[in-house]
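Worksheet: one structure, shown below.
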Amino acid sequence: MIRRGWGIVWAMLRQRCPQCRTGRMFRGRFTMNDPCPDCGLVFQREEGYFLGAMYVSSVLSMVAATPIYFTLAHFLPEWDSILLALMAFALYLPLTPVVFRYSRVVWVYLDRAVCSGATSAGSFEKVRLEQLADTKDAAPREEHPV
Ligand SMILES: [Zn+2]
């Protein structure tokens, strides 16, 4: 059980597919692989699916920015709090690509943990799976480096 939990955490840290844990979820800084290049799992299950990742992003942003703010407040106690918040925001800004990616990874893992399998798939996901099956039949599958 513990080993399985660490496997999930390790796959999340490496931003791998929640189903096969080998396929990369991203192919660029902000570009997702959808579906998974290894097992074909569709990550975007419906229109607006990643709006839920915004909640995760908010939590991750607070977790990242709050320590920055309080560290600045500790070392610069005479500074105005608005100025400290702006400075914390400026220091947080380079972390946004990381937060963006991990918010989507966490969201997909949470969603797959709660609603996994084809029985919970909505009509959007079923149509996407049919489209992918049609394109797979029409063209040979490309090899993706891992
Ligand atoms: Zn996969």
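Each value in this text was obtained by applying a stated rule to the coordinates, not by laboratory testing. Source: prediction; values computed, not measured. Heads up, the Cβs are rebuilt from the backbone with ideal geometry, glycines too, and the neighbour counts pull from every protein chain shown.
Tell me, Glu130, Glu78, Glu46 in order of fewest to most beta-carbon neighbours within 10 Å? Please report the intermediate quantities before stating the final value.
Values: Glu130 10, Glu78 4, Glu46 14.
Fewest-to-most Cβ neighbours within 10 Å comes out as Glu78, Glu130, Glu46.
Positive end of the charge dipole of region 1-130 (Lys, Arg +1 and Asp, Glu -1 on Cβ, about the Cα centre): tell me which of Thr71, Pro37, Tyr55 has its Cα farthest that way.
In region 1-130, that residue is Pro37.
GNM on the chain, C-alpha springs below 10 Å: top fluctuator among Phe75, Phe124, Phe89?
Fluctuation is largest for Phe75.
Of the options Leu86, Gly122, Trp6, report the single residue whose Cα projects farthest towards the positive end of the charge dipole of the chain (beta-carbon charges: Lys, Arg +1; Asp, Glu -1).
So the residue furthest toward the plus end is Trp6.
What is the Å³ per residue value for the convex hull set by the Cα atoms of region 28-118?
108
In nm, give the distance between the simple-model label positions of Leu83 and Val127, each being 7 Å from the Cα along the Cα-to-Cβ direction.
Between Leu83 and Val127, the label points sit 5.5 nm apart.
Could you give the distance between the Cα centres of region 63-139 and region 37-58, to the whole Å?
What the calculation gives is 10 Å, centre to centre.
Could you size up the charge dipole of the chain around its Cα centre, putting +1 on the beta carbon of Lys and Arg and -1 on that of Asp and Glu, and report it in debye to the nearest 20?
Working: 16 positive and 13 negative charges, 112 e Å.
With only Lys, Arg, Asp and Glu charged at Cβ, the dipole is about 540 debye.
Counting only residues 5 or more places away or on other chains, whose amide H sits under 5 Å from the amide H of Phe26 once H atoms are built in the peptide plane?
Amide H neighbours of Phe26: Asn33.
Suppose R0 equals 41 Å. What FRET efficiency, 1/(1 + (r/R0)^6) with r the Cβ-Cβ distance, do Arg3 and Phe75 give to the nearest 0.05?
Numbers: r = 42 Å, r/R0 = 1.01.
In this case the efficiency is close to 0.50.
Evaluate E = 1/(1 + (r/R0)^6) for Leu51 and Ser116, where r is the Cβ-Cβ distance and R0 equals 22 Å; express this FRET efficiency to the nearest 0.05. Write down the numbers at each step before the final one.
Values: r = 20 Å, r/R0 = 0.90.
With R0 = 22 Å, the Cβ-Cβ based efficiency is 0.65.
From the backbone phi of region 127-137, what are the Karplus-calculated ³J(HN,Hα) couplings (6.51 cos²θ - 1.76 cosθ + 1.60, θ = phi - 60°) in whole Hz, Gly and Pro given as x?
5, 4, 4, 5, 4, 5, 5, 5, 5, 5, 5
Would you work out the charge dipole size for region 1-40 about its Cα centre, treating the Cβ of every Lys and Arg as +1 and the Cβ of every Asp and Glu as -1, and quote it to the nearest 20 debye?
Working: 8 positive and 2 negative charges, 36 e Å.
Here region 1-40 has a charge dipole of around 180 debye.
Quick check: from the Cα gyration tensor, does region 1-62 come out rounded (a/c under 1.5), prolate or oblate?
Details: a/c = 1.74, a/b = 1.12, b/c = 1.56.
It is oblate, given that a/c is not under 1.5 and a/b is not larger than b/c.
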